[in-house]
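A.B. asks: Starting off with a structure, shown below.
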Amino acid sequence: MEAQRNFIVILATLLLMVCLAPAALSDVSSGDIVDSTNWEKVQGLVPDSVLDWVKKGDWVIEARDLNFDLGDYYADFAMEALEKNKGRYHVDPNNGIVHADTGRPPESIIGLPFPDVDVNDPKAAVKIMHNNHYMQYIVGDIRANYHLVWVGRSGFEREVACLWNQAAMDGWPGARVRSNPHRIEKLATLLVLEPFDIAGTAVMLWRYLEAEKPDSSFGYIPAVRRVRRMSSASRSDAYVGSDVCVDDANGYDGKVSAFEWRFLGKQEAIVRWYDADPIRILRTEQDEWATSRDIKEIRHGYREKGWQGEAWAATNLTWAKRPVYIVEMKPKDRYYNYGTHYMWIDAQTFSCNYKVIHDRSGQYWKTYLKGDIPCESANGSVKILTLGTQQVVDDRTDHCTVIEGISHRNSYVYFASVDLNDFTLGGFQKYCK
């Protein structure tokens, strides 16, 4: 009897140890450096693909505390909207935004439409994604230079210089003074500047507020010398031969109603940040706000002497713990190149930190990663939260494309001066060479 009792005690102790093990192992503190020797520290805090990179010694995670309060990086109008918009809007059967009291689409929205997401709401994932999109509109119109950098196992291969222009037709006060008879949510153009062989390649987007109305997309390829209408599925094609598609920008830059969404949970995660401190933004002569180029340079493994990890692993980013929502997304278009994706989205900023991409057969394919950065003016009167760096790792081809955004050679301009005529078919053609 005594032996049986001892066996039960031992068994109960072992079961308790098994139950507690994941919580004990997944514990990262500021100052921790996580690599192949202690990868268990981030188990469950990063996607399985990222965990696998750390286990193999390809990536190293250096955890730090963030020296800023993310709650400060909302414009005044957006802060007010966090209160005003509580319970103000619902999601209709088509996943469009409607007034909670009338069921009709709003004429315009200021700030985040769903500041109080209920995780038990069947439409929680859809609301999270609408917030994800509107978070990008509260900084007004954007003009951004960036580089796509190809990196293989052996290191740097090539790069492409691009220009992104975006007019936010909703989400911020400046949008309300514009005529918007076609009920546009946003307008955008993407132009390749270099190298010479593909310079002039361009894409233009018109996104509509009506959930049931698909995007209008147009493309120009210099070899054809014609502007062509593009299908929505073509936004999932590899962009100019990179590992990235147009819809990968900011995690997901497509229309919310083009996917089926499912909320999977909320948890702690460790995610990338450009730095632990804010960077400076400067006022331009046009009364815009631009990021300074006097900032640190993000370095990757292929540029670090003696680096033993992956050539495309960023070696000097900050990793910090954040609460995230995890949502599942499935394309409705059977011609869309990706299958199911899983997005890890910050529970406060609604910014996508990770996107794990599967192919249409359900097999794992790629992982998208992003690092955000807060920006502020010299006197602290203007504060903006924006993306700092992005990359897509294709584990199937063992290749990566780094999207170098804010850097020593690229500036992002917010509340930018844009000409809406540039987003017409006639205006678009002036970019096409």
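Values in this text are rule-based calculations from the coordinates and carry no lab data. The model shown is predicted, which means the values in this text are computed figures rather than measured ones. Glycine also receives a Cβ, built like all others from the backbone with ideal geometry; neighbour counts cover every protein chain displayed.
A.B. asks: DSSP loop trypsin sites (Lys or Arg not before Pro) in the range 200-270 with at most 12 other Cβ atoms within 10 Å of their Cβ, which ones?
C.D. replies: Passing sites in the range 200-270 are 225.
A.B. asks: Would you kindly state how much longer the chain becomes between residue 320 and residue 359 on full extension, computed as 0.36 nm times their sequence separation minus their alpha carbon distance, in nm to one decimal?
C.D. replies: 11.1 nm
A.B. asks: Give the label of the value calculated from the structure for mean projected area of the Cα convex hull in nm², choosing from (i) 33.0; (ii) 25.1; (iii) 23.2.
C.D. replies: The listed entry that was calculated here is (ii).
A.B. asks: Related question: What FRET efficiency would be calculated for the residue pair residue 268, residue 231, taking the C-beta separation as r and a Förster radius of 51 Å, to the nearest 0.05?
C.D. replies: So, using R0 = 51 Å, E works out to roughly 0.85.
A.B. asks: Let me ask something else about it. Take the residue pairs 266/355; 41/127; 321/366 and return only those whose Cα atoms are more than 27 Å apart.
C.D. replies: Too far apart for the 27 Å limit: 41/127.
A.B. asks: Could you work out how far helix 2-25 tilts from the main Cα principal axis of the chain, as a 0 to 90 degree angle to the nearest 10?
C.D. replies: Relative to the chain, helix 2-25 is tipped by roughly 20 degrees.
A.B. asks: Here's a follow-up. Between 0 and 90 degrees, rounded to the nearest ten: what's the tilt of helix 124-135 against the longest Cα principal axis of the chain?
C.D. replies: 50 degrees
A.B. asks: Can you list residues whose amide H is under 5 Å from residue 360's amide H, if they're 5+ apart or on another chain and H is modeled 1.01 Å from N?
C.D. replies: Residues meeting the amide H criterion: 339.
A.B. asks: Right, something else. Please identify which residues in the range 86-110 have an amide N closer than 13 Å to a label point set 7 Å out from the Cα of residue 176, following the Cα→Cβ vector.
C.D. replies: 107-110
A.B. asks: Could you tell me the calculated FRET efficiency between residue 429 and residue 280, based on Cβ-Cβ distance and R0 = 41 angstrom, to the nearest 0.05?
C.D. replies: E(calc), rounded to 0.05, equals 0.65.
A.B. asks: Still on this structure, I have one more. I want to verify a result. In a Gaussian network model of the chain, Cα cutoff 10 Å, which of these has the top mean-square fluctuation: 62, 404, 107?
C.D. replies: Of 62, 404, 107, the most mobile in the Gaussian network model is 107.
A.B. asks: Give me a comma-separated list of calculated 3J(HN,Hα) values for the range 187-194, in order, Karplus coefficients 6.51, -1.76, 1.60 applied at θ = phi - 60°, integers in Hz, x for any Gly or Pro.
C.D. replies: Per residue, the Karplus-derived 3J(HN,Hα) values read 10, 8, 10, 10, 10, 8, 9, 8 Hz.
A.B. asks: Can I ask one more? For the range 64-114, run through the trypsin sites (Lys or Arg not before Pro) and keep only the ones in DSSP coil with at most 13 other Cβ atoms within 10 Å of their Cβ.
C.D. replies: 86
A.B. asks: Let me ask another. For the chain, modelled as a Gaussian network with Cα springs under 10 Å, which listed residue fluctuates most, 115, 47, 195?
C.D. replies: Of 115, 47, 195, the most mobile in the Gaussian network model is 195.
A.B. asks: Modelling each spin label as a point 7 Å along the Cα-to-Cβ direction, I'd like the residue 56/residue 212 distance in nm, to one decimal.
C.D. replies: 4.7 nm
A.B. asks: Between residue 398 and residue 118, how high is the FRET efficiency from 1/(1 + (r/R0)^6) when r is the Cβ-Cβ distance and R₀ = 51 Å? Nearest 0.05.
C.D. replies: Efficiency computed from Cβ-Cβ geometry: 0.75.
A.B. asks: Still on this structure, please answer the following. Please check: in the Gaussian network model of the chain (C-alpha springs, under 10 Å), which one of 126, 392, 50 has the largest mean-square fluctuation.
C.D. replies: So, out of 126, 392, 50, the one fluctuating most is 50.
A.B. asks: Oh, and also: What are the ³J(HN,Hα) values, in whole Hz, obtained from phi via the Karplus relation 6.51 cos²θ - 1.76 cosθ + 1.60 with θ = phi - 60°, for each residue of the range 264-276 in sequence order, with x given for Gly and Pro?
C.D. replies: Residue by residue, the range 264-276 yields 9, x, 10, 7, 7, 8, 10, 10, 8, 10, 4, 7, 7 Hz.
A.B. asks: ³J(HN,Hα) across the range 58-65 via Karplus (A = 6.51, B = -1.76, C = 1.60, θ = phi - 60°), whole Hz, x for Gly/Pro?
C.D. replies: Per-residue couplings from phi come out as 7, 10, 10, 10, 10, 7, 9, 7 Hz.
A.B. asks: A further question on this structure: Once both labels are modelled 7 Å past Cα along the beta-carbon direction, what's the residue 304-residue 65 spacing in nm?
C.D. replies: My value for the distance between the label points is 2.4 nm.
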